[in-house]
Amino acid sequence: MSIVTNKELLDRAKAGHYAVAAFNTNNLEYTQASLQAAAELNAPVIIAAAKSEIDYMNGYAFVAMVKALAERLPIPVGIHLDHGPSFDEAVRCLRYGFTSVMYDGSALSLEENIANTQKVVAAAHACGVSVEGEIGVIGQTTDGPEGKKNEMAGLADPAQCEQFVKATGVDCLAAAIGNAHGLYARKPELRFDLLKDIEQRTGVPLVLHGGTGIPEEDIRKAITMGVAKINFSTVMRKGCIETLTATLNAHPGELDLMKLLTPAKQKMVEIAKHHIMMCMSDGKAWK
Ligand SMILES: [Zn+2]
């Protein structure tokens, strides 16, 4: 059995100065590609799904699929709810068998975010499941599984992060430091000064959302400053769709769906491997 909690993954990653790549999935091919890439590189990995992706797949089917594939691999794998919108969704994911849930109350007041996150932590920790909280609003360059387009991102306040982590007991924290979901229109300017302050005040492993398009040197710098989980979603979808489009154009009339999807899946394996190596988690699997 190689299914583990995100707390196990991220505490080790932070101590070992690497980050665990989290790949969003909404079907078999994404999941197989992410797990194959991690297994080929002997890396720990997190398979994540947002509510819309869980609704698309069925939560029970998703967890059963990840477990069936991961149990036979010699790497640790986390099963994570990305941007959980409510206490109810977090509880549903506990029942599905997730090993980590994120509660995203970043659009609420700090007091409401703390109160709701406390409820999620109480329920999740009772089941041995990790919790990720969020402070500050991470931007959204396009509509996507994580939410609607929203370029009015708000940076995390380090004092609020400290208050939030102390009050809630979350296992890790996503803090908005100039990162965004989707494709960046220009090079993102990460606020490393904020990151350093947040790490020193909270001490918990930090999570960087919107990993697609962040330059490799910035990814590595963020890892040295306490980032232990990096989310990659758009880059996998983009690679899949571009490769699938090219294959469809090259083989009009092809009726074998597996022949059409196989090159897209292989492309996602390559993309996932590239990003796992950016996270410096290759060779870091311990079971
Ligand atoms: Zn996110």
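Odds and ends about this structure:
- Taking the Cα centre of the stretch 6-278 as reference, the dipole from Cβ charges on Lys and Arg (+1) and Asp and Glu (-1) amounts to some 420 debye.
- Average projected area [Cα convex hull, the stretch 147-287], square nanometres: 11.3 nm²
- Here the sum of -39500 (n - 2.57) over DSSP H runs of 4 or more residues, divided by the residues of the chain, equals -15500 deg cm²/dmol at 222 nm, to the nearest 500.
- For residue 50, nonlocal amide neighbours, meaning residues 5 or more places apart or on other chains whose placed amide H falls under 5 Å from its own, are 25, 82.
- For the stretch 62-145, the set of GluC sites (Glu not before Pro) satisfying both a DSSP loop assignment and a count of at most 13 other C-beta atoms within 10 Å is given as 71.
- For residue 78, residues with placed amide H under 5 Å, excluding near neighbours: 4, 45, 46, 47
- Efficiency of FRET from Cβ geometry, residue 68 and residue 127, R₀ 25 Å, rounded to 0.05: 0.75
- DSSP-defined antiparallel bridges as percent of all bridges, the stretch 75-222, nearest 5: 20 percent
- For the stretch 160-168, 3J(HN,Hα) computed residue by residue from phi via the Karplus equation (6.51, -1.76, 1.60; θ = phi - 60°) reads 5, 4, 4, 4, 4, 5, 5, 6, 9 Hz, glycine and proline entered as x.
- Only alpha carbons enter this Debye calculation for the chain, each as an equal point scatterer, and the log10 of I(q)/I(0) it gives at q = 0.09 Å⁻¹ is -0.38.
- Tensor-based shape of the stretch 1-86 (alpha-carbon gyration tensor, a/c under 1.5 rounded, otherwise prolate or oblate): oblate
- Contour minus Cα-Cα distance for residue 42 and residue 189 (0.36 nm per residue): 49.8 nm
- When each of 51/166; 7/67; 187/221; 14/119; 51/221; 7/119 is checked by Cα-Cα distance, pairs over 20 Å: 51/166; 14/119; 51/221
- Length-normalised contact order for the stretch 6-278 - Cα pairs under 8 Å, 6+ apart - percent: 20 percent
- Carbon plus sulfur fraction of accessible area for the stretch 230-287, probe 1.4 Å, in percent: 62 percent
- The residues of the chain present an accessible area of 42 Å² per residue when probed at 1.4 Å with all protein chains retained.
The values are calculated or read from the model by the stated rules, or taken from the named source; none is laboratory data. Bear in mind that the values here come from a model prediction, so they are computed numbers and not experimental data. With ideal geometry, Cβ positions are generated from the backbone for all residues, glycine too; neighbour counts draw on all protein chains shown. What goes into the accessible areas is simple: the full protein's heavy atoms, side chains included, and nothing from ligands, DNA or RNA. Shrake-Rupley method; radii C 1.70, N 1.55, O 1.52, S 1.80 Å.
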